[in-house]
Amino acid sequence: MQTTNHILMIRPVDFKFNEQTAGNNKFQQANSASDVQQKALQEFDGFVALLRANGVEVTVVNDTLQPETPDSIFPNNWVSFHHNGEVILYPMFSVNRRAERRSDIMESLGKTFGISKIIDLSTYENSERFLEGTGSLVLDRDHKIAYACLSLRTHQEVLADFCEKTGYQAVVFSAVDSTGYPIYHTNVMMCIGDQFAVVCFDSIPDPSEQALVRDSLSQNGKEIVSITFDQMNHFAGNMLQVSNKEGESLLVMSEQAYLSLTPNQITVLEKYCRLVYAPLYTIETNGGGSARCMLAEIHLPLKP
């Protein structure tokens, strides 16, 4: 249940630095270059080609120029797809990201996959409470545990509602960067696979919360790979385990994430997955997200 071989990705048409998200996403860096969209598109297309060459099914949907959605390349924040046919829509912090939710994508996927229910949490936007999908939530799907670091984009009340509606149990903690600023999304400091977890424990300042996370992972059979602040800043926490059509397990990440890993860390991860990586530097710099953020896993059942 933890992995799928089918991914949804959104091909950008106007990717750029998003001023509305930059206030609390410290991974973003403003870039005045005029060719950001062109470079991001090259990176996106190369990433899709790499995944397909490795046997992963990728459904690519083109973004539209209107409404303006500079972060549409990160669809995992507005939607998640589950084995029981449920689709969950999430409340988004930034106003210009809310337009990323597209009913036409749901309708198109519904022709191939069985969608039994849509759980719409987006109404929490009316009360300024947010939960940005599998950015806010790092899911252990096998054990139905949702790991979440609280932030302006991850509100505990919405998290509780998610858990009540889906049967997940929350493991909640606070996480900060090396300057003490809250980390905007859990999935930049943590990745969970079927038998392993990659975690920046340095970012969890409370020792009791560190122990809570470590114990939960260990009790559920995960071998833990600890990464440093510097590795987290190179998006080494922003990975996703997927499978391919042959049933092989892959760990997908960006090139800079891979290059930040130590030989020992690579050895541990290669016990469980083949590592696959792509250059995503323009997307990472301007968008403040990396490989995992670009991948919305489709766990829905196929229609007969």
- Looking only at segment 48-73, count how many residues are polar (S, T, N, Q) and touching a Phe, Trp or Tyr at 6+ places or on another chain (Cβ under 9 Å). 1
- Message: Within segment 97-111, does at least one residue satisfy the condition of being open to solvent by 30 Å² or more (accessible area, probe 1.4 Å), modelled with pLDDT under 95 and among the hydrophobic types (A, V, I, L, M, F, W, C)?
- Response: yes
- Message: Quick check on my filter: what residues within segment 47-77 are among the aliphatic types (A, V, I, L, M) and under 19 Å from the mean Cα position of the chain (by Cα)?
- Response: Val48, Leu50, Leu51, Val56, Val58, Val60, Val61, Ile73
- Item | Test: residue in segment 247-265 that is under 30 Å from Gln156 (Cβ atoms), part of a helix (DSSP H, G or I) and touching a strand residue (DSSP E or B) at 6+ places or on another chain (Cβ under 8 Å) | yes
- Counting residues that are of a type in the set (A, V, I, L, M, F, W, C) and under 28 Å from Pro263 (Cβ atoms), which strands (runs of 3 or more DSSP E) fully inside segment 150-236 reach at least 2? 190-192, 196-199, 223-226
- Task: Mind listing whichever residues of segment 120-133 are open to solvent by less than 10 Å² (accessible area, probe 1.4 Å) and either more than 27 Å from Val198 (Cβ to Cβ) or not acidic (Asp, Glu) (or both)?
- Result: Leu121, Phe130, Leu131, Gly133
- Task: Of all residues in segment 185-219, count the ones that are of a type outside the set (D, E, K, R) and over 29 Å from Asn84 (Cα atoms).
- Result: 9
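The values are calculated or read from the model by the stated rules, or taken from the named source; none is laboratory data. Everything quoted here is computed from the prediction, not taken from an experiment. So basically every Cβ, Gly included, is an ideal-geometry build from the backbone, and we count neighbours across all protein chains shown. Only protein heavy atoms, including side chains, enter the accessible area calculation; ligands, DNA and RNA are left aside. Shrake-Rupley method; radii C 1.70, N 1.55, O 1.52, S 1.80 Å.
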